[in-house]
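Data block below; observations after.
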Amino acid sequence: MPAFSLDPPQTAWCAELRTLAAERLRPLAEKGEPGHVNRALVAELGQLGLLERLFTSGAVDLCLMRESLAYACTEAETALALQGLGAHPVHAHGTPAQRDRWLPRVADGTAIAAFALSEPAAGSDAAALELRADAGASEPAAEPDGAARWRLTGEKCWISNAPEADFYTVFARTTPGAGARGVTAFLVPADRPGLGGTSLDMLSPHPIGALTFDAVPVTADDVLGEVDRGFRVAMGTLNLFRPSVGAFAVGMARAALDATLAHTAERDAFGGKLKDLQTVAHQVAEMALRTEAARLMVYAAATAYDEGAEDVPKRAAMAKLLATETAQYVVDQAVQLHGARALRRGHLLEHLYREVRAPRVYEGASEVQRGIIAKELYAGREAAQ
């Protein structure tokens, strides 16, 4: 695969996105209430045409958007990403009726989407989820119109945009004891009877909550994809969004690196500037090296996705793993080189320090990514024999 580099239009577009994020999106983000959906911010993303690009662009463009927005406004980046994560299953697997009802509203920022996979006892082991889709009889009940009907009973937890989303992509067990092969994806509007939720007070500033399902009714018209094949919907979505989580991380790392370059070049210390100390210069070089390596792996994975390569799961896992671990390292080192000022409320690095931790956990923790990589490596070895 050729090395990734930006062409002039892409470079200009990324610069434009960083400017828009700083001048139009960050003021709206600052007016938002931490832990709650910022609908004004989402609406502005829609007005700028960025949400529509979630459904018209490939993985590389998604990564460019997430990296560029993250550099200047992490809240805007996350709001955009969550719209994509929650709505991509509808875009990729929805019926014409589902798509017509929800995708235009997601694109213009008037409907909030959410991806509801994790549960209290099934986070990293997503195939072990227990939310039940109980049929009205021993088999999905055949209604007069031929629609199969189920009742969803159980809980979801750590769901971004919950409980304030307008609809949820929900993964439930339709066949007990079947592991990943017994899961179905449903599109569940937030106003369905029996669906409730609460907000969770988390370190990350974006909204995260828990959902409760008390015999929530769903029909065949709510199925995304095929019955008992919902795990494919989930993994297909994650294979697209995992590299872009890496792009989010790279955007934060680049912001931290640039702040560190400015600070160490201007800060007087020990009779000179901080940058003149070999220890500091080498540390900054290491931060830059790791950031660029992570960035290249992210865009290699995104390019592989867009080209339909066979090794997308492995590349996606590698990109997310390396980029999120790298961003944690770079932001931490940036804080160290800035000293106490970086820990003061309102400082860029104080904000990034809180933001950078969660991506190592969500959409598959780092340990899960290592497991995926190893599984794909051994599967490739067996296929070659």
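The values are calculated or read from the model by the stated rules, or taken from the named source; none is laboratory data. For clarity, every value in this text was computed on a predicted model and none was experimentally measured. Using ideal geometry, Cβ is built from the backbone for each residue, glycine included, and neighbour counts are taken over all protein chains shown.
Okay, here's what the table says:
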read-out: Hey, residue 232 basic (Lys, Arg) and at pLDDT 95 or above or not; value: no
read-out: Tally of residues being touching a Lys or Arg at 6+ places or on another chain (Cβ under 8 Å) and among the β-branched types (Val, Ile, Thr) across region 288-341; value: 4
read-out: Residue count for region 313-343, restricted to those that are of a type in the set (Gly, Ala, Ser) and under 16 Å from the mean Cα position of the chain (by Cα); value: 5
read-out: Filtered residues of region 355-373 (kept if in a helix (DSSP H, G or I), more than 19 Å from residue 258 (Cβ to Cβ) and not polar (S, T, N, Q)); value: 358, 359, 360, 367, 368, 370, 371, 372, 373
read-out: Residue 189 being under 30 Å from residue 348 (Cβ atoms) and not acidic (Asp, Glu); value: no
read-out: Number of positions in region 306-323 that are crowded, with 23+ Cβ neighbours inside 10 Å and more than 18 Å from residue 366 (Cα to Cα); value: 0
read-out: Where residue 310 falls short, out of the listed (1) over 16 Å from residue 359 (Cα atoms); (2) charged (D, E, K, R); (3) under 25 Å from the mean Cα position of the chain (by Cα); (4) at pLDDT 95 or above; value: (4)
read-out: Residue in region 349-364 that is of a type outside the set (Lys, Arg) and more than 25 Å from residue 161 (Cβ to Cβ) present; value: yes
read-out: Neighbours by Cβ (under 6 Å, 6+ apart or cross-chain): first from region 150-179, at positive phi and modelled with pLDDT of 95 or more; second outside any loop (DSSP other than H, G, I, E, B) and not small (Gly, Ala, Ser); value: 154/132; 154/213; 161/82
read-out: Candidates 51, 103 - the one that is surrounded by 24 or more Cβ atoms within 10 Å (Cβ to Cβ) and hydrophobic (A, V, I, L, M, F, W, C); value: 51
read-out: Some residue of region 64-84 being at pLDDT 95 or above, in contact with a Ser or Thr (Cβ under 6 Å, 6 or more places away or on another chain) and in a helix (DSSP H, G or I); value: yes
read-out: Among the candidates 29, 22, 40, residue that is surrounded by 17 or more Cβ atoms within 10 Å (Cβ to Cβ), part of a helix (DSSP H, G or I) and modelled with pLDDT of 95 or more; value: 29
read-out: Exclusive hit being of a type outside the set (Phe, Trp, Tyr) and over 15 Å from residue 240 (Cβ atoms), set 59, 72, 81; value: 72
read-out: Residue in region 36-56 that is among the β-branched types (Val, Ile, Thr), out of contact with any strand residue (DSSP E or B) (no Cβ under 7 Å at 6 or more places or on another chain) and without any contact (Cβ under 8 Å) to a residue 12 or more places away in the chain present; value: yes
read-out: Hits in region 227-248 (condition: out of contact with any Pro (no Cβ under 6 Å at 6 or more places or on another chain) and under 21 Å from residue 154 (Cα atoms)); value: 227, 228, 229, 230, 231, 234
read-out: Residue tally, condition in contact with a Lys or Arg (Cβ under 9 Å, 6 or more places away or on another chain) and either within 20 Å of residue 73 (Cα to Cα) or not hydroxyl-bearing (Ser, Thr, Tyr) (or both), over region 251-279; value: 11
